[in-house]
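What follows is a short report on a single structure.
The values are calculated or read from the model by the stated rules, or taken from the named source; none is laboratory data. Just so you know, these numbers come straight off a predicted model, no measurement behind them. Here Cβ is always computed from backbone atoms with ideal geometry, including for glycine, and neighbour counts include all displayed protein chains.
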C-alpha cells in the first residue's frame, strides 16, 4: 500500500517551547486578560494536548463537547477523509475550555472557537497568531500542525503503541502513522546506530 507523506521532517516542540509559546499567548503575570487571550490559550492547549488538526478544532460545535467529571471527551464529527473519532480530554484542557466557555456563553453561534461576534474562527487567523506568538517566544517554525507531531512524539516516548497514536491523531490507517513518525524521528534512527554499545 502506498502512503503519501508530506516532505521534510516535522517540527516538534519541546516542553520549554510549548511553555514559552503559551506564556506569549497568555502572559502569567498579567492581571487583566482579554477574551481573545483566553480563547486563544484554550485553543492552543487543546491543539497541543489532543493532536487535533487546526480545522478539526475550529469545526467543533458546542454539541461536540462532553466536559463532565467522568471521562471528558470531544467528538470530531468530520475529520480528514470524513473520519469521525472520540477524543479524551485531560484536566488542563477541560480547565482551559471551561474558562473560555464561560465567556463563550454570551456569544451567538455554535462553534466552540469563534470570533467575538460568534462566527467560526478562520484557519488563517490561527496560523498567523501561532506563528507571531512563536516568533515572540523565540520559536523559528511555530505552526498549528507541529502540535500534532509533538503529541505523537510524546505518546511514543511514553510507550504508546502505534495503533493508539493512529487513533489519537485520526489517521485513516496505521501505515500513515508509521510514515508520519518516521518523519518525526529521523535523527533517532541515526542515533540508534551511532550510539550502539554492542
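Right, residue 175: closer than 17 Å to residue 37 by Cβ and either over 16 Å from the mean Cα position of the chain (by Cα) or surrounded by 14 or more Cβ atoms within 10 Å (Cβ to Cβ) (or both) or not? For residue 175, the condition - closer than 17 Å to residue 37 by Cβ and either over 16 Å from the mean Cα position of the chain (by Cα) or surrounded by 14 or more Cβ atoms within 10 Å (Cβ to Cβ) (or both) - is not met. Scanning the range 81-113 for residues being out of contact with any helix residue (DSSP H, G or I) (no Cβ under 6 Å at 6 or more places or on another chain) and in contact (Cβ under 8 Å) with a residue 60 or more places away in the chain gives a total of 4. Are any of the residues in the range 139-158 at positive phi, surrounded by fewer than 13 Cβ atoms within 10 Å (Cβ to Cβ) and modelled with pLDDT under 95? Checking the range 139-158: not a single residue is at positive phi, surrounded by fewer than 13 Cβ atoms within 10 Å (Cβ to Cβ) and modelled with pLDDT under 95. Restricting 46, 107, 74, 116 to those that are closer than 17 Å to residue 168 by Cβ and not in a helix (DSSP H, G or I) reduces the list to 74. Going by the structure shown, is residue 142 in contact (Cβ under 8 Å) with a residue 60 or more places away in the chain, touching a helix residue (DSSP H, G or I) at 6+ places or on another chain (Cβ under 7 Å) and assigned to a helix (DSSP H, G or I)? Spelling it out, it is not the case that residue 142 is in contact (Cβ under 8 Å) with a residue 60 or more places away in the chain, touching a helix residue (DSSP H, G or I) at 6+ places or on another chain (Cβ under 7 Å) and assigned to a helix (DSSP H, G or I). Each residue in the range 77-103 was checked for being assigned to a helix (DSSP H, G or I) and surrounded by fewer than 15 Cβ atoms within 10 Å (Cβ to Cβ), and 8 of them qualify. Here the condition is being touching a strand residue (DSSP E or B) at 6+ places or on another chain (Cβ under 9 Å) and surrounded by fewer than 20 Cβ atoms within 10 Å (Cβ to Cβ); of 32, 66, it holds for 66 alone.
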